[in-house]
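What follows is one structure encoded as structure tokens, with my remarks underneath.
A short reminder: the numbers here are calculations on the coordinates, not readings from a lab. Only a predicted model underlies this, so the values are computations on that prediction, with no experimental measurement involved. Here the Cβ positions follow ideal geometry from the backbone for every residue, glycine too, while neighbour counts run over all protein chains shown.
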Amino acid sequence: MRYLGTLSRAASLVALLATLAACVAPGAPAARSGKVQAVTTLPLFADFIRNVGGDRVDVTAIVPAGAGPEDYQPTPQDAIAISRADVIFYNGLGLEPAVEPMLKNQARKDAVQVTFATGMPVIKDDDSPGGNPHMWMDMRRAMVYVGRVRDTLAQVDPSGADIYKANAAAYLDKLDALDGQIEAQIKTIPEAGRKLVTYHDAFPYFAQRYGLQVVGVVLRNPGSEPSAADMADLARALKANSVQTVYVEPQFDPRLMTLMARDAGAQVRPLYSDALDEKAPTYMDMMRFNARQLVEGLGGQR
Amino acid sequence: MSVSSPVQEHAAIAGVAALEVTGLSAGYRQTAALQDVSFSVPRGSLLAVVGPNGAGKSTLFKVILGLLTPWKGSVHVLGRPVRDARRLVAYMPQVELVDWSFPVTVFDVVMMGSYSHLGLFRRPGKAEREAARRALETVRLADMAERQIGELSGGQQRRALLARALTSDPQVLLLDEPMTGLDATAQHDMIRLFHQLTSEGRTIIAATHDLSCVAAEFKLALLLNRRVVAFGPPRETMTQAMLNETFQRHMLWVNVDGRIFIVHG
Amino acid sequence: MGDTLAFLFNPLLEPLAFPFMQRGLLAVALVGVVCAVIGTFVVMKGLAFVGDALAHCAFTGAATAFLLGGNVYLGAATTGVLSAVAITWVGRSARVSLDTAIGIIFAGVFALGLLIMSRVRNYTVDLFAFVFGNVLGVGPDDLIAIAVMVVVVLLFVLLLYKELLFTAYDPTMAAASGVPVVLLQYLLMVVLGLTTIVTLRSVGVVMAVAMLVTPAATASLLVHRFHHIMLVAVAVALVCTVTGLYLSFYLAVASGAAIVLVTTLAFLLALAFSPRRGLLTRGRPGAA
């Protein structure tokens, strides 16, 4: 009699705990809501995913519009989003230092995690010995990113595989065409003028692909301050290369760069790398905008 | 107004009481610290103000210095209302309340006594330095002038503060517990100084807890406990009954060979 | 001979070839001087945390202004000054001491700023960089603000020196002597607030806090009269800011931090070797 009482009490306790666990556990797979739940870090990656996934995918970007990923601190909402994701796309190579530990701890065991930047040759420099992470600035590599999105979505949601293939193919065609246009536009800048000075070191891949040379950077390491010696190097580079225009990404305070530019008699123009905003809401807009700013600032023809 | 020559001042105001308090009521917020206080202090007096803590001694001083506006009544210093008499009154605060670790010399501190004469934006000059030096000589502290105030002993600290009060050549000196904690010799020296100053025609009003000293050395005593309990020469006013009433407790009053010793019971 | 001179002078002259270094040197030297002057009062009155507190409060003002779409610098300046007044007011009430007042206001106001920041989801502006400047980012407009601050502070202290000294040393007696003590206390804090804001904005928060305290503290170990302390503090500030900036140029390290470290080193040297109170020069432990 007593044994039965203890057993039923234990059973109801277990049932209670199970119910509680079910309430606080991460969300169930896609079958429930019907769409693939995708989470990524940068809004521009979200742009890729939307172009490939269409209506079949619900995308959330953790880093808000206009913010830089290197300094971003995740919020509890971000943790929840990650815990509900079926698939998580992020760049890697140290672009998102605060987010990566969260992926380890918050993501579901069966969620698929994709690092965009792996497997491609990297450009190393003193500040990123593992390789500079801003690969998507080279449109050819961005196309590899898009391919990875297509393949991963097809794997997670096989019934949509054909749709993903078709969407991706169309998008990749557009990217290819834009890539050619940008290449041609940059070529109109005279050789001597193809010197790039930006706020932070986000453009080595862009420069490599489109024939520019990065001659100066203000912020070597996001999160640390430039030293007087860094600024002196920049000043010398500006003078030595007779730089007409310097570029500042919108997520940074342009003050330092503006002063250096004024001292050197150069102009300041915006250029996008990690962050999107109302002026450049998609990846393609961003690249088109960049090309135009470079052409106008460095003496090319439209 | 120059810092020297008290003679003209004396001539002009001879015959007027040093301090005339009439029907004074004052306090903070709703609480009255002083109620209907009246007394008159002749020039050259050595007056002690005695009473328990919270009896209104500091309030009285604040009113005389013009730091607190009375609710009722009037206060006149040498015939003038308080706001016109600022330069005639000098104050010596309790030694414990002064910051002795501040990086100033004795001379710096004594010089501060001359500031009230100068007004804003004017720098102290030769006249002020002379006054400070004279004040230091009066209190016999001239040899310590260049020392840091932190180096002074208790008795020297008091003399420095007194010198500061004297720099402005005041007619009335308000001293807040000038002798508390001093040893017998230092006390004796201080009393001698008081007598010297009053013989020059200055009036000294000292708040003090040392009742035996008051009984022995002071010319006048004001027993204060929000109201005036008694005012007059210590012989008459510092009786057992008056003291008990002032302090609201039994005081030990002993007469030894004509010398009166009073101790809190 | 000429070569030796060149060897000695070239390292001094080379950074001066860069306009940003010229501006930076001028800025830190002037800021150092002003902070040393006001800082003498700060240190002697035990207000060392006020600079830090005001910096944090200014940040809240900037965040609020940003959220409301107003002028960020004006928001920072207004909040900084208001906080200075609030600290004085709370500290004057006999219920809490001044450093308690500082702690309370500082924590509360800064927390409010963090709250506001957490609601800001649009990061198109790097708000921290906006409010807290950088030695290397001193522009001509910053230099103008610094120049105005220098004039205001020096006039204030020179004209009212004896009243300020008296008020700082013995406010009761000062009031009894007719000095407008309350007004001066508030004015001093307002001037301190403005100094902190201009310093913050032009050379950053690391320096703003340290330059108010360390040079005056160093001077107090070496000389013992208030106006001497102020003069020595100014000299220490001048030497350390310029040296720190030069070092940051040649050693490729963060400028603000370099300046603060050099100044702190000066303090440690004074602590060790001060004629009266040095740790290494005292005859026996406990000697005065």
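Here are the numbers for the structure shown:
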quantity	calculated
Most mobile listed residue (B:212, B:40, B:116) in chain B, GNM with C-alpha springs under 10 Å	B:116
Relative contact order of chain C, pairs being alpha-carbon contacts under 8 Å that are 6 or more residues apart, as %	26 percent
Unit charges on C-beta of K, R, D, E only; dipole of the protein assembly as shown, Debye	1680 debye
Mean separation of Cα contacts under 8 Å (6+ apart) over length of the stretch B:166-265, as relative contact order %	21 percent
Positive-end residue of C:255, C:234, C:224, charge dipole of the stretch C:144-288 with Cβ unit charges	C:224
Among C:24, C:36, C:49 the positive-end extreme of the charge dipole of chain C (Cβ point charges)	C:49
Dipole moment magnitude, nearest 20 debye, the stretch B:163-204 about Cα centre, only Lys, Arg, Asp, Glu C-beta charged	100 debye
Cα gyration tensor, the stretch C:18-269 - rounded (a/c under 1.5), prolate or oblate	oblate
Listed residues B:24, B:141, B:252, most fluctuating in chain B (Gaussian network, C-alpha, under 10 Å)	B:252
Cα centre as origin, Lys/Arg/Asp/Glu Cβ charges: the stretch B:6-264 dipole, Debye	680 debye
Cα gyration tensor, the stretch A:36-181 - rounded (a/c under 1.5), prolate or oblate	oblate
Hits among lysines - C-alpha to C-alpha of residue C:45 under 27 Å, sequence gap 8 or more where chains match	B:62, C:162
Share, in percent, of DSSP beta bridges within the stretch A:36-181 that are antiparallel, nearest 5	10 percent
Candidates C:113, C:70, C:204: whichever shows maximal mean-square fluctuation once chain C is modelled as a Gaussian network with Cα springs under 10 Å	C:70
The stretch B:125-177 and the stretch C:11-74: distance between their alpha carbon centers, rounded to Å	41 Å
Cα lying deepest toward the dipole's positive end in the protein assembly as shown, options A:287, B:243, B:154, charges on Cβ	B:243
Mean separation of Cα contacts under 8 Å, 6 or more apart, over the residue count of the stretch A:36-181: relative contact order %	24 percent
